[in-house]
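All remarks here apply to the structure that follows.
The numbers here are math on the coordinates, done by the rules we state, and not lab data. Nothing here was measured: the structure is a model prediction, and the numbers come from that model. Don't worry about glycine lacking a Cβ; one is built from the backbone with ideal geometry, like all the others, and counts go over all protein chains shown.
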Amino acid sequence: MTRFLRRHAFLLVLLVLGTALRVLTWVAYRPALLYIDSFRYLDNLQGLRADQLNPIGYDLLLRPLLAVGGLAFVAAVQHLAGMAIAVGIYALARRLGARHWVGALAAAPLLLDAYQLQIEQNIMSEVLFEALLLGLLWLLLAKGKPNWRRIALAGLVVGFAVLVRLIGIALAVPFLLYVLAAGRAWRSSRGWRNAGIGVLAMLVVVVPYAAEVKAQTGKWGLTGPSGNMLYGRTAAVADCANLNLEPTLQVFCPANPVGTRRVDDYTHADFDPAWPGPLPPGADKNALATEFAYEVLEVQWWDVAKAIIGDFSKSFHFERASAVNDVEVDRWQFQQTYPLWADAPLVAAYTRQYDGVDPSVDEPIATILRHYQLGGGFVPGAVLGFFALLGLATVLRRKKPGDPARGGALFAAGAGLFLLFASAVFEFSWRYQLPALVLLPAAGALGFTTLTAASRRRLAAYPDAVDDGAVADFHERHPGAELSELTVVIAAYNEAGGIGQVLEDMPEECRGLRVDVLVVVDGGTDDTAAISEKHGAYVCVAPANRGQGAALRLGYHLAAENGAKYIVTTDGDGQYDNSEMAELVGPLLDGTADFVTGSRRLGHEEADNRMRWLGVRVFAWLASLLTLRRISDTSFGFRGMRADLACAVPLNEPQYQSSELLLGVTARGARVLERPMSMRLRKAGKSKKGGSLVYGANYARVMTGTWWRGYVLRRGRTRSGRAA
């Protein structure tokens, strides 16, 4: 049990917080929140008619729930469902290879987002729609490439999602693209057969419902009223003064200025009997509205496109605000009084019918929830955009056998973005962003897992077999060696082109101490070892290449075991200025610091890669946030430290070791200083860091993982001012 709690600790903490927020929400607004659509659902419970504005999918669930309990019971079930969906996202991410903390971060948006809490308290279809999204993810991703049976079930889920929310029709595109793309299925008849099965399964649900709509309204469709989306979009931007419209169509031009028109006011204009104005006898106003829309599109297609793209981009804004032509964001915010979307007596009639109480608000609790929501208790759109980018970035990663996370990341990101875009084609509302809380964090978790998969191998505890072979090589090369108290450790892999100049520029003494250099050759294939020995360095050759982190860890232990009290690290490519060593080691020698690192941001930087320039600043910000101390540069390789501290910090990363070391020493309570230093361009060779995006994802993984172990789990941390 203890092991289970420890393994899932992050998720369990989030679940506790999510539960507390949901209990407060459920208690604050009694018996539930009723929005405009809520009354339509409740009015159609018995008839389940297909000629209404909203399809009947949600009513099919709502009806049995209300047979068991009242509106408060429905809200409670929806809150439980929201938490269950979050756990389902976590479980899926773990199943596809994500680490526990990555899966927990993917579940956090649904658990903690205040807009999600508010919609769960509403008698609305969103939570059921989100549950169907989770079911679709599981059917397609949980067991590798989906077979025809799971594709058929997934098609049924997509079809039913359309009956819950019409926007579900947008899922058909990413669903079929994924089915075809799985294993390059478009090249085989089986792939097209599976796609056909998916289409047929969707039609099995949608076509009979559309036929029922036709039987009740005389027109094929999925909703009774026209809900003229095209008219709503074009009327909002129509420049009628410059359109050559016939008099009959001129009636459909809005009277108010373009910048003040809301799409929502025109999309459902057919509910107003007086709309649009006088028409010839027998005229079909919905058909004429469509004709008007085509006329506008022909002339102002770019204005319509800009409006859609602009609304789509709003989904990724950091703040939640309403433009003049938007659906007001406060519809989805906690209010300190009960929000009324109908006459108060009518609302009370509904709540009395199902729960026997009047609608009410616990104002103190509602105030707490409102402050939480407006104070940042939501997932910014920019964060969702970042999750989407992580998912899409996996397209740059070559697919490997046994890597289902890549396909899952692309599908979740594509489905989330497609839903947001399709919603923006209709109109913008922050309510329409909520399904993205299921899809985009999952995409980010799976994308991060894919991008970091190659680096997730961890080192065995020191010394392992490779370390033993390297130590033996060192003693064979340098029998009886006694290193200086101040030893420079250089990890080198095929650095023959630059290591000679680095060693020539190395000072022979610093602050009265002789400077020795230990070059750890990490299984290289060139003359790095011979060139280093020629320049008077101690050399240790590892029999296998394991990464810079493994080489440096070996160098720390080897130096400390052979007399070093202070260790300086630098690279073998000439990027650092060895003449700055006195500034680096001064605080170590006078006893005012345990760990000193240079900083290019405080000193001088020559940068030829804009992404790395940005990454230095982003990760410095992240490290500062995690450690609650100002850090300006986390990846500067010119560092000095006490040898015993270097050996005491647990180091398990073959690569990306700089953040592991830095956060490791801060977690142990070591005194850390930064000094202004110079960062030059490489003198020779090429970087071993690989692509900027992949490197950044791995660097973030190591940094957050080290923080979790060192600060949250308290592994190896001391309470003293100095490291043990």
Which whole-Hz ³J(HN,Hα) couplings does the stretch 549-563 yield from phi under the Karplus relation 6.51 cos²θ - 1.76 cosθ + 1.60, θ = phi - 60°, glycine and proline marked x? x, 5, 5, 5, 4, 4, x, 4, 5, 5, 5, 5, 5, 10, x
Apply 1/(1 + (r/R0)^6) to the Cβ-Cβ distance of ASP526 and SER360, taking R0 = 60 Å, and write down the FRET efficiency to the nearest 0.05. 0.20
Compute the length gained on full extension between TRP302 and ALA181: take 0.36 nm times their separation in residues and subtract their Cα-Cα distance, giving the result in nm to one decimal. 40.4 nm
Label 7 Å along Cα→Cβ of LEU392; the stretch 291-314 residues with amide nitrogen under 12 Å? 313
Amide proton proximity set for MET679, modelled H, under 5 Å, gap of 5+: HIS604, GLU605, GLU606
Considering only the other residues whose Cβ falls under 13 Å of the Cβ of PHE39, what net charge follows from Lys and Arg at +1 and Asp and Glu at -1? -3
Please turn the phi angles of the stretch 304-318 into ³J(HN,Hα) values with the Karplus equation 6.51 cos²θ - 1.76 cosθ + 1.60 (θ = phi - 60°), one per residue in order, whole Hz, x for glycine and proline. 5, 4, 4, 5, 5, 4, x, 5, 4, 5, 4, 4, 10, 6, 6
A convex hull over the alpha carbons of the chain yields, per residue, a volume in Å³ of 197 Å³
Between ARG680 and ALA287, what is the label-point separation in nm under the 7 Å Cα-to-beta-carbon projection? 8.1 nm
Taking the Cα centre of the chain as origin and charging only Cβ (+1 Lys, Arg; -1 Asp, Glu), how large is the dipole, in debye to the nearest 20? 2140 debye
Residue-wise, which Karplus ³J(HN,Hα) couplings in Hz belong to the stretch 521-536, taking 6.51 cos²θ - 1.76 cosθ + 1.60, θ = phi - 60°, and x for glycine or proline? 7, 8, x, x, 10, 10, 9, 4, 4, 5, 5, 5, 5, 4, 8, x
With -39,500 (n - 2.57) per DSSP H segment of 4 or more residues and division by the full residue count of the chain, the 222 nm estimate, nearest 500 deg cm²/dmol, is -17000 deg cm²/dmol
Relative to the longest principal axis of the chain, what angle (0 to 90°, nearest 10) does the C-alpha long axis of helix 363-374 take? 60 degrees
Of the peptides 67-76, 24-33, how do they stack up when ordered by the mean number of other Cβ atoms within 10 Å, highest first? 24-33, 67-76
Charge-dipole axis of the stretch 465-712 as Lys and Arg at +1 and Asp and Glu at -1 on Cβ define it, positive-most pick from PRO654, GLY497, PHE619: PHE619
Sort 118-128, 359-369 by packing, meaning the average of other beta carbons within 10 Å per residue, with the highest value first. 118-128, 359-369
Taking the Cα-to-Cβ direction at GLU580 and at ALA323 and moving 7 Å from each Cα, how far apart do the two end points lie in nm? 4.6 nm
For the stretch 544-618, rounded, prolate or oblate, judged on the Cα gyration tensor with a ≥ b ≥ c (square roots of eigenvalues), a/c < 1.5 rounded, else prolate if a/b > b/c? oblate
Extending each Cα 7 Å along its Cβ direction at TRP613 and VAL204, get the distance between those two points in nm, one decimal. 5.8 nm
Can you give the FRET efficiency to the nearest 0.05 for LEU17 and ARG477, using r as the Cβ-Cβ distance and R₀ = 51 Å? 0.35
Loop trypsin sites (Lys or Arg not before Pro), the stretch 195-256 (other Cβ atoms within 10 Å of the site Cβ: 14 or fewer; DSSP): LYS219
For ALA491, distant residues with modelled amide H under 5 Å away: VAL520, THR570
Going by alpha carbons, how many degrees (0 to 90, nearest 10) lie between the helix axis of 404-426 and the longest principal axis of the chain? 40 degrees
Only Lys, Arg, Asp and Glu count, each charged at its Cβ (+1, +1, -1, -1), so figure out the dipole size of the stretch 229-314 about its Cα centre, rounded to 20 debye. 260 debye
For the stretch 428-481 and the stretch 270-290, what is the centre-to-centre distance using only Cα atoms, to the nearest Å? 63 Å
Sorted from fewest to most neighbouring beta carbons within 10 Å, what does the list PHE39, PHE428 look like? PHE39, PHE428
Given unit charges at Cβ for Lys, Arg (+) and Asp, Glu (-), the dipole magnitude of the stretch 465-712 about its Cα centre in debye, nearest 20, is 1240 debye
For VAL258 and GLU504 in one chain, what is 0.36 nm times their gap in residues minus the Cα-Cα distance, to one decimal in nm? 81.4 nm
Once you measure Cβ to Cβ distances between cysteines in the chain, which Cys have no partner under 4.7 Å? CYS510, CYS540, CYS647
Selection from ASN256, PRO364, ALA235, by position along the positive dipole direction of the chain (Cβ): PRO364
Extension reserve of the ASP265-GLU561 stretch, reckoned as 0.36 nm per residue once the Cα distance is removed: 98.8 nm
Overall form of the stretch 465-712 per C-alpha gyration tensor (a/c, 1.5; a/b vs b/c): rounded
